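Below you'll find the structure I mean.
The values are calculated or read from the model by the stated rules, or taken from the named source; none is laboratory data. Predicted model, so just to flag it, every value in this text is computed and none were measured. In this analysis, Cβ positions are derived from the backbone assuming ideal geometry, glycine residues included, and neighbour counts consider all displayed protein chains. Heavy atoms of the whole protein, side chains included, go into the accessibility calculation; ligands, DNA and RNA do not. Shrake-Rupley method; radii C 1.70, N 1.55, O 1.52, S 1.80 Å.
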Amino acid sequence: MQLIQTNRDFEKFILNEVLISEGKSKDARKALFKSIQTVADFLDYDVEVIVKNREKTFFETVFIRKESIDILRKLKVYEPFCFSLKINDNYYVNIQKEVMNCIMNLVRTDILIELFLKQNSEYLVSLLIEINRLICGGGEEMKQTMKKAYACAKEVAKKLPENKRESYKQKLTSAIVFKDYDRYCQILLQLSNYADMPFDFAYSLFEDFEENKDIAYTFVNALTKKKEEN
């Protein structure tokens, strides 16, 4: 009886929270994680969800760690990821599913970050960087260094002509996507000289790029003009 009542409550949640927005179809996955976000403050334990796929004759389970629930709670927003991205005519990436897989398995979102860097989706990249920070930690020092990288990138974007800004952003994006971290640091030094600005945040990248990759993501992602931020 308890399972039946839970199913009814969940169905009601889908109708009230998901279908209410115009033109949107029913999405049980979105409703599930939205509901977990809503009650996260009261969940102090791991959660196991029973799943039944219509194409399969058996039930499956989704195990959600307490750490993952904490990340969902701190993330606050979830809706921006609820879409599929067209890669080509025959291939779409379900962004919602990929993001949730990262959160549930406590795996960094680097692949998605690099995908959206190429799409110039500053807002989505910033959310994915935040997920990385929540998964990996890093403490207050990392947070402050990322803020410095963001502020520095915005200042550089103001000083550079549009063609130069775009050129440097593309070069930095290409270097980090192809894992050429030495090249990224070289371009960073060139940009520092060209803009006549010190990049104090860059010392962390010179010491250990892999460990501080989110700083590099933050800088290149923020290398946009004010009018482009939306």
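Taking the residues in the range 70-85 that are among the charged types (D, E, K, R) and either open to solvent by less than 50 Å² (accessible area, probe 1.4 Å) or not in a helix (DSSP H, G or I) (or both) as candidates, determine which candidate is nearest to MET104 (Cα to Cα). Full working, then the answer.
In the first step, residues of the range 70-85 are kept if they are among the charged types (D, E, K, R); the result is 70, 73-74, 76, 79.
With the extra rule that they be either open to solvent by less than 50 Å² (accessible area, probe 1.4 Å) or not in a helix (DSSP H, G or I) (or both), the set shrinks to 70, 76.
Working: ASP70: 11, LYS76: 16 Å.
The qualifying residue nearest to MET104 (Cα to Cα) is ASP70.
Somewhere in the range 208-216, is a residue open to solvent by 10 Å² or more (accessible area, probe 1.4 Å) and free of Cβ contacts under 8 Å to residues at least 24 places away in the same chain?
Taking every residue of the range 208-216 in turn, at least one turns out to be open to solvent by 10 Å² or more (accessible area, probe 1.4 Å) and free of Cβ contacts under 8 Å to residues at least 24 places away in the same chain.
Right, something else. Within the range 86-114, take every residue that is among the acidic types (Asp, Glu) and in a helix (DSSP H, G or I) and give me the one that is nearest to the chain's Cα centre (by Cα).
Step one: of the range 86-114, the residues among the acidic types (Asp, Glu) are 89, 98, 110, 114.
With in a helix (DSSP H, G or I) added as a condition, the list becomes 98, 110, 114.
Details: GLU98: 10, ASP110: 8, GLU114: 10 Å.
Among those that are among the acidic types (Asp, Glu) and in a helix (DSSP H, G or I), it is ASP110.
Need the failing condition index for VAL51 against (1) in contact with a Ser or Thr (Cβ under 8 Å, 6 or more places away or on another chain); (2) closer than 30 Å to LEU191 by Cβ; (3) modelled with pLDDT under 90; (4) not polar (S, T, N, Q), just the number.
Only one criterion is unmet by VAL51, namely (2).
Continuing with this model, one more query. List the residue pairs whose Cβ atoms are under 6 Å apart, where the first residue sits in the range 107-134 and is open to solvent by 30 Å² or more (accessible area, probe 1.4 Å), the second is not charged (D, E, K, R), and the two are 6 or more positions apart or on different chains.
ARG108/ASN132; LEU134/ILE71
A further question on this structure: Surrounded by 17 or more Cβ atoms within 10 Å (Cβ to Cβ), over 21 Å from the mean Cα position of the chain (by Cα) and of a type in the set (Gly, Ala, Ser): does that describe ALA157? Explain how you work it out, then say what you get.
On the way: surrounded by 17 or more Cβ atoms within 10 Å (Cβ to Cβ): yes; over 21 Å from the mean Cα position of the chain (by Cα): yes; of a type in the set (Gly, Ala, Ser): yes.
Considered against the rule, which asks whether it is surrounded by 17 or more Cβ atoms within 10 Å (Cβ to Cβ), over 21 Å from the mean Cα position of the chain (by Cα) and of a type in the set (Gly, Ala, Ser), ALA157 comes out as yes.
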